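Inspection log for the structure reproduced underneath, given as structure tokens.
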């Protein structure tokens, strides 16, 4: 079975941040240096070859890019400055857009204008909802909410409506993400192979998903342990926050200001700290460009960091204003918070950088399935 | 004393002798019973030399030159080959087995092949035993 | 003949010999042999004190023969010959026994190795008794030079010699100068124009007062020897002219491989499969178009066509990799968006600036595809109508492990450089040898790369093996320097260990004349005996072994000497048996 070269694919790949992919002359030093490359899942060299040759289908069927956690050893040791680490990073962007059936991911990754336009569009929608839609349904908050000086968050943002909206958003995002994961699974396990994996193996290896999501043990094999720690704080903070605002919003968003040792506040503080710590390390890293993995920033990397940081800052502002009894400031912060959070979740999670929270653990799971594949 | 076959070898200066030197510089080990005589070209090897070696008690005689086409003197190895065919017949008629007399091409880069050749020929000679006419020649030699 | 007084010196070579051979025992045993005046061992015979030791002994003990048992004579025979000459005896009254390369380094049993060393030393002692002093000889050199071939190498050599004020006869087979370089568009790695390179060369060659140019001319036969060659040249204008010259430079170049025999590539069958030289011509003309007059969208360049494959030529042509990369720059200059595929087996960027050129070229948005040169060649087939290209190359891509199809509109075959079919005539005319690949063989691959085993004949450029322009020019100038040196000296040393005829033994059968590869023997009707021109003779000794009357003496390899060596080599073992 021979496959046709597609020389035009390189023009497409360039848009995902692939710089000088031609420099590689396949000495294989990168693969030899990689602490994660293993028998059956060799990278980066072979994947670079597929990129150079424009074999899109073969790339789509590769799980390896997701097994790379970008320690940068390959790039440091590359004799041709071909930057294999960043090529793998770009490949993950390309693959994210390949898995995405809506085609939006490709649009977002390849056009900054598109991505920014959609972010702004969603932000405006959120602002309009608070300023025009909610009041038109009878929530006259301007005079009522500020009349007696107290901060009435639940009156300003009625818990039922916000909770419903959160759930709807979570379901939409999860559906999109899961459908893309299925496409990823199909591409790697079935579409381009002639092997199959038994149902029992699927069940037996499920624990990997949770374990890898929670701990990221592969990531910890890369040499920079410190980065793994900061990333873990960020990840756990984000996960806690997400669960709290979607599942436990009535418990979390209260009018009453609880004592500082209350679990509600402690959990919130932990999540905020985790996010801030992780973001600080990432932003400082990308600004300083000392480590290889931070040297090359695609527009999507900065957008992601910027939006998450703004979300956290506005969240902190809501909290400060609320406990200090500053209603108007609280409400404005709340609108700003939502105006950043909503587009971030809707765009980043299913279509862009943040989708890796699902692809990464699933890749480990799928790789494990692949190891157990038998001819069909 | 156990039988140790002695080989007298005539090696051309440009290919075979250099090849044998290479076996040395490469520290390849081979049987110690070979005695090498250098000639400028395998074309210089005349029947008298071969007969003299047998007469002196050699159990085998080896002639090595450059590969066909590579002769330093254009075609000396071809001349050697023609002469060799005749002397081989003659030696055979004298009662010396054909396998005791060999002509091989060894290039300057074939140290390995040379070492193998010596071991190989030694093995053949061990199977053949001492040269049969040696005893009678010995008697004559002593008489002289 | 005076009584031989032989000095025997057994070298330890540090531990190289002494570890495996009991050198003291060897020296001891041979000291008992007749004519051995003195026998010694020393740590390093080749060192200055080692040589001094010999010189002192020759003077002190009135030695007239010397035997050194040490390394290979190919390494130090000349060293010791010089040493004995310094002490006042003829350098040929010396013999070496090789007890290192052919003994201590290849054997593991000390007793056996010692006994073998003893045999070899005894053989040398027996032999050296029959050595005769030989005198150095030299011949005058005709200051004119014949250059065969008017390519860049031939012209570079001719100009170098002509600029030194010496006469050059430049003979070119075709009707123009320039050779292969004149067919190129640009050169690598600096992408300078080949025409700008070769045109001034051609003009200077044509106009040089010291260069006589013969175009459309072939040399049929050359007679004579170093310093004194003769040849006849057929010219259209002046008929036959006789030329005299002292040295010859062979620069007959090469020819491109004809890829028709490689069925996989369909050369001749597909009009847009062309050779690298045809592509050069296309580039020089400035029209990069397919046979249908369209701009090619996809161009493949296949490397190693006819090279590095046992079915065609096993050797590497050395320049094609870089030439193929040069094409990338030329294609990019006129077709900025075309897809370029470099289908290669290994990228060889050995020369100055080549690796940098390779790195530079990789940034030209090309796709490198590797194929297995031994196992499976790419196959070119006609594309279907809906393929949107002219041809399809099917290949197993080695670095990805994928079987792929490459869409192409034009294929450039980087053809191998092979020897001219007429080299055999050159061989016959000037008397040089060919290697297995039909290239001329140099005298020594490392230490004497432009000389040949025929004195006065030099090989330069691609007729000695595929090479690029700088290497060809370097060789040409090197040969010119060698020739100018011999012209400056006025005479050259010639082989001493030649053959000579013992006239009263010669029966006149003339067998020797037929076997001599150098035409060095002629028959003297008056004397009724063969006569040897010792300037032409190279001392191979073939005539000596062919002579049925034993009338030819191969100096330094006489029957007496070799028979003595045989007797010596067997003497000890024979005693032991």
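The values are calculated or read from the model by the stated rules, or taken from the named source; none is laboratory data. If you're wondering where the values come from, they're calculated on a predicted model, not measured in any experiment. Heads up, the Cβs are rebuilt from the backbone with ideal geometry, glycines too, and the neighbour counts pull from every protein chain shown.
Of the candidates A:203, A:189, A:181, the single residue that is assigned to a helix (DSSP H, G or I) and touching a strand residue (DSSP E or B) at 6+ places or on another chain (Cβ under 9 Å) is A:189. Tallying residues that are within 12 Å of chain B (Cβ to nearest Cβ) and at pLDDT 85 or above within segment C:443-454 yields 1. One residue alone among B:8, B:39 is at pLDDT 90 or above and either over 19 Å from residue B:125 (Cβ atoms) or more than 8 Å from every other protein chain (Cβ to nearest Cβ) (or both), and that residue is B:39. Looking at C:307, C:403, just one residue is surrounded by fewer than 17 Cβ atoms within 10 Å (Cβ to Cβ) and assigned by TED's automatic domain parsing to the domain that holds residue C:285, and that residue is C:403. Would segment C:31-42 turn up any residue that is assigned to a loop (DSSP other than H, G, I, E, B), surrounded by 16 or more Cβ atoms within 10 Å (Cβ to Cβ) and at pLDDT 95 or above? No, segment C:31-42 contains no residue that is assigned to a loop (DSSP other than H, G, I, E, B), surrounded by 16 or more Cβ atoms within 10 Å (Cβ to Cβ) and at pLDDT 95 or above. In segment C:97-113, the residues that are at the interface with chain B (Cβ under 7 Å from one of its Cβ atoms) and over 9 Å from residue C:70 (Cα atoms) form Cβ pairs under 8 Å with partners that are in a strand (DSSP E or B) and at pLDDT 95 or above, at six or more places apart or across chains, as follows: C:102/B:36.
Residues of segment C:521-538 that are touching a residue at least 40 places away in the same chain (Cβ under 8 Å) and surrounded by fewer than 22 Cβ atoms within 10 Å (Cβ to Cβ): C:533, C:534, C:535. Highlighted here are the helices (runs of 4 or more DSSP H) found entirely within segment A:1-120 that include at least 3 residues which are buried (at least 16 other Cβ atoms within 10 Å of the Cβ) and away from every other protein chain (no Cβ under 14 Å): A:64-67, A:73-77, A:84-99, A:104-110. Looking across segment B:10-62, the residues that are outside any helix (DSSP H, G or I), out of contact with any strand residue (DSSP E or B) (no Cβ under 7 Å at 6 or more places or on another chain) and within 18 Å of residue C:126 (Cβ to Cβ) come down to B:56, B:57. The strands (runs of 3 or more DSSP E) found wholly in segment C:88-166 and carrying at least 2 residues that are crowded, with 24+ Cβ neighbours inside 10 Å occupy C:94-98, C:145-148. Answer yes or no as to whether residue B:79 is facing chain C (nearest Cβ under 9 Å), free of Cβ contacts under 8 Å to residues at least 12 places away in the same chain and buried (at least 19 other Cβ atoms within 10 Å of the Cβ). Against the criterion (facing chain C (nearest Cβ under 9 Å), free of Cβ contacts under 8 Å to residues at least 12 places away in the same chain and buried (at least 19 other Cβ atoms within 10 Å of the Cβ)), residue B:79 does not qualify.
Of everything in segment C:404-420 that is in a strand (DSSP E or B) and over 19 Å from residue C:339 (Cα atoms), the residue that is farthest from the other protein chains (Cβ to nearest Cβ) is C:415.
Only one of the numbered conditions (1) buried (at least 21 other Cβ atoms within 10 Å of the Cβ); (2) in a helix (DSSP H, G or I) is not met by residue C:429, and that is (1). Consider residue C:381 against the criteria (1) more than 9 Å from every other protein chain (Cβ to nearest Cβ); (2) in contact (Cβ under 8 Å) with a residue 12 or more places away in the chain; (3) not in a strand (DSSP E or B): it satisfies all of them except one. Which criterion is unmet? Going through the list (1) more than 9 Å from every other protein chain (Cβ to nearest Cβ); (2) in contact (Cβ under 8 Å) with a residue 12 or more places away in the chain; (3) not in a strand (DSSP E or B), residue C:381 breaks only (3). Among the residues of segment C:193-201, is there at least one that is under 27 Å from residue C:487 (Cα atoms) and buried (at least 24 other Cβ atoms within 10 Å of the Cβ)? Looking for residues that are under 27 Å from residue C:487 (Cα atoms) and buried (at least 24 other Cβ atoms within 10 Å of the Cβ), one finds none in segment C:193-201, hence no. Residue under question is residue C:429, and the condition is that it be touching a residue at least 40 places away in the same chain (Cβ under 8 Å), touching a strand residue (DSSP E or B) at 6+ places or on another chain (Cβ under 6 Å), within 14 Å of another protein chain (Cβ to nearest Cβ) and farther than 26 Å from residue C:351 by Cα; does it hold? Yes.
Residue C:393 meets all of the listed conditions (1) out of contact with any strand residue (DSSP E or B) (no Cβ under 7 Å at 6 or more places or on another chain); (2) in a strand (DSSP E or B) but one, namely (1).
Pairs are defined by a Cβ separation below 6 Å, a sequence spacing of at least 6 or placement on different chains, a first member in segment C:332-355 that is without any contact (Cβ under 8 Å) to a residue 40 or more places away in the chain, and a second member that is in a loop (DSSP other than H, G, I, E, B); the pairs so defined are C:332/C:364; C:355/C:349. One residue alone among A:130, A:139 is closer than 21 Å to residue A:322 by Cα, at pLDDT below 90 and assigned to a helix (DSSP H, G or I), and that residue is A:130.
The condition of being buried (at least 19 other Cβ atoms within 10 Å of the Cβ) and facing chain B (nearest Cβ under 10 Å) holds for only one of C:550, C:541, that being C:541. The condition of being within 31 Å of the chain's Cα centre (by Cα) and within 26 Å of residue B:76 (Cα to Cα) holds for only one of C:483, C:487, C:521, C:569, that being C:521. Just one of the listed residues (C:522, C:472, C:500) is in contact with a strand residue (DSSP E or B) (Cβ under 7 Å, 6 or more places away or on another chain) and farther than 22 Å from residue C:428 by Cα, namely C:500.
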